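Chemist: Provided herewith is a single structure, encoded as C-alpha cells, for subsequent inquiry.
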Amino acid sequence: MRVLAVTTWLPSAGRPGVGGFVVRDAAAIASRGHDVHLVHLVPPEQVAAGDRLHPDRDQVGGLPVSRVPMGTQRPDQVLRAGAVLRGLARHADLVHTMAFSSLLPLAWWRPSGPWVHTEHWSGLTAPQTLPRSWRAMLPALRPLLGRPDVVTTVVDYLAQPVRAVRGGRPTVVVPCIVPPLERVPERRGGGDGEIRLVSVGALVERKDPVLAVEVVAELRRRGRPARLTLVGEGELAAAVRQRAAALGVADGVRLTGSLDRSGVLAELADADLFLGPTRGDNFFVSCAEALVSGRPVVVGSTGGQGEYIAPRVGETVPVQEPGAYADAVERVLAGTAGMTAGQIAATVGDRFDPDTVGRGYDEGYALAAQVWESRG
C-alpha cells in the first residue's frame, strides 16, 4: 500500500531532535510492506539549508521526505500546504496524518481514499498547559478529529476526549514504540545507601522539574542520601539550579542537557529509580523507557502512564507535593528491592515493540479501508 504520512513533527537540519517517535512509527509501518512517503509540514523559519531537497535525495530513517513550508498560525501557508498535499494524495492509497496540527491543511478537503490520523498531543488532555492563543482556538479546531476514517491514540487516556468528538466512529489505541533492549542493565547493588534518581524530559512547567529538586531535599531531610540527574533542556533550567541552591542540595542535582538515546539509556542504567513529576502527559515515553531499562518509576498520575505501570514496579502520585513523591519513592524502592532489572522490564513485555505497533497500524489501515468502502 502506498502511504502518504503527513506530520508537523519530524527531524530536520534545524531541529534534529524533534519527532523521533514519528520516524519510528513510519519505519514500523514500512516494515509491514507498505511504501511510506513522509511529508514534513515545517515552519519556514526552521527550514535550514538542505531541507528543501527533492524526495529521492532527502530521507529520514531511510524513508523519503518532502518538506512543505507551513506555519500553523499562517492561514496563507496552511492553504498552500493543503494544495500541495492534495496533489500528493492523488498518488497514495492511504493518507496517514500524524499530530493534531497536521489536520489543519486538510480542513476543507479530504483524501479520495482511506484516511488514518494518529494523535499524541497533550493539548487535548491538558489544555491548561497550552498557550492562550491555542486555548482560544481549540473549541473550533477540535472537530477536525471527527473527519478521518480512523483515529489512533497512544493511550486510552487520550482516546477518551477524541471519542467524545468522533462519537461512534472508530478510535483505537496504538502505543508509542519503545524498543526492547538486547540486554537489560543490572540494577545497582545500593550498598552505599544512596538513592540515585533520574528524570528525562523538557525542563518546562508541565514536567515540573523544580518539584523533582524538592523531592531530593525532602529525602535528604529524612536522612536518605539522594541525588538527581535531569536529562533535558528548557526555560526552567535556571529555576532548577536556583531552587537546588536555595534548598542546599545543589551538590545533588545534575543537569545534562539533551542527550541522544544511547545517552538517555546510560543515565537510566546508572539510576535506581525514574522520577517524573509530570502535571500532564499522554504516553510519557521516558517513563516507558525506564521500565524497559528495568528501572522502577514514580510519576505524576495525570496521563496515560498508569495504563502500563504494573503496581509492583511503580506508583503514580495524584498531588504535586514533595512529601507525597518522597513517600512513593521509598515505597517503590522497598517493594522492588528483591526484583531484578529483567523482572521489572518483563512487566512491559512486547507491547511497545516495533512489530506490535506495526501490526496495530496494519489493523487500523484495514479498518479505515472498511469505513471508506462503507461510504459507497
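The values are calculated or read from the model by the stated rules, or taken from the named source; none is laboratory data. Being a predicted model, the structure only gives us computed values, none of them experimental. When we count neighbours, we look across all protein chains shown, and the Cβ atoms used for this are built from the backbone with ideal geometry, even at glycine.
Chemist: Filter the strands (runs of 3 or more DSSP E) completely within the stretch 180-285 down to those with at least 2 residues that are closer than 21 Å to GLN305 by Cα.
Modeler: Those strands (runs of 3 or more DSSP E) span 195-200, 226-231, 273-276.
Chemist: Taking the options ARG188, ARG142, name whichever one is basic (Lys, Arg), out of contact with any Gly (no Cβ under 9 Å at 6 or more places or on another chain) and more than 20 Å from CYS287 (Cα to Cα).
Modeler: Result: ARG142 is the single residue among ARG188, ARG142 that is basic (Lys, Arg), out of contact with any Gly (no Cβ under 9 Å at 6 or more places or on another chain) and more than 20 Å from CYS287 (Cα to Cα).
Chemist: Mind checking whether some residue in the stretch 283-290 is at pLDDT 95 or above, buried (at least 21 other Cβ atoms within 10 Å of the Cβ) and either among the aliphatic types (A, V, I, L, M) or farther than 20 Å from VAL155 by Cβ (or both)?
Modeler: Yes, because at least one residue in the stretch 283-290 is at pLDDT 95 or above, buried (at least 21 other Cβ atoms within 10 Å of the Cβ) and either among the aliphatic types (A, V, I, L, M) or farther than 20 Å from VAL155 by Cβ (or both).
Chemist: Among the residues of the stretch 97-111, is there at least one that is within 25 Å of the chain's Cα centre (by Cα), assigned by TED's automatic domain parsing to the domain that holds PRO139, assigned to a loop (DSSP other than H, G, I, E, B) and farther than 21 Å from PRO11 by Cβ?
Modeler: yes
Chemist: List the pairs whose first member sits in the stretch 220-231 and is in the same structural domain as ARG254 (by TED's automatic domain parsing) and under 14 Å from SER286 (Cβ atoms), whose second member is of a type in the set (S, T, N, Q) and crowded, with 20+ Cβ neighbours inside 10 Å, and whose Cβ atoms are under 9 Å apart, counting only residues at least 6 apart or on separate chains?
Modeler: Pairs that qualify, where the first residue is in the same structural domain as ARG254 (by TED's automatic domain parsing) and under 14 Å from SER286 (Cβ atoms) and the partner is of a type in the set (S, T, N, Q) and crowded, with 20+ Cβ neighbours inside 10 Å, are THR229/SER199; LEU230/SER199; VAL231/SER199; VAL231/SER286.
Chemist: With the requirement that a residue be crowded, with 16+ Cβ neighbours inside 10 Å, among the aliphatic types (A, V, I, L, M) and part of a helix (DSSP H, G or I), what does the stretch 153-179 give you?
Modeler: LEU158, ALA159, VAL162, VAL165
Chemist: While we're looking at this one, here's another question. Would you check if ALA266 is under 25 Å from PRO318 (Cβ atoms) and either in the same structural domain as ALA328 (by TED's automatic domain parsing) or surrounded by fewer than 16 Cβ atoms within 10 Å (Cβ to Cβ) (or both)?
Modeler: Spelling it out, it is not the case that ALA266 is under 25 Å from PRO318 (Cβ atoms) and either in the same structural domain as ALA328 (by TED's automatic domain parsing) or surrounded by fewer than 16 Cβ atoms within 10 Å (Cβ to Cβ) (or both).
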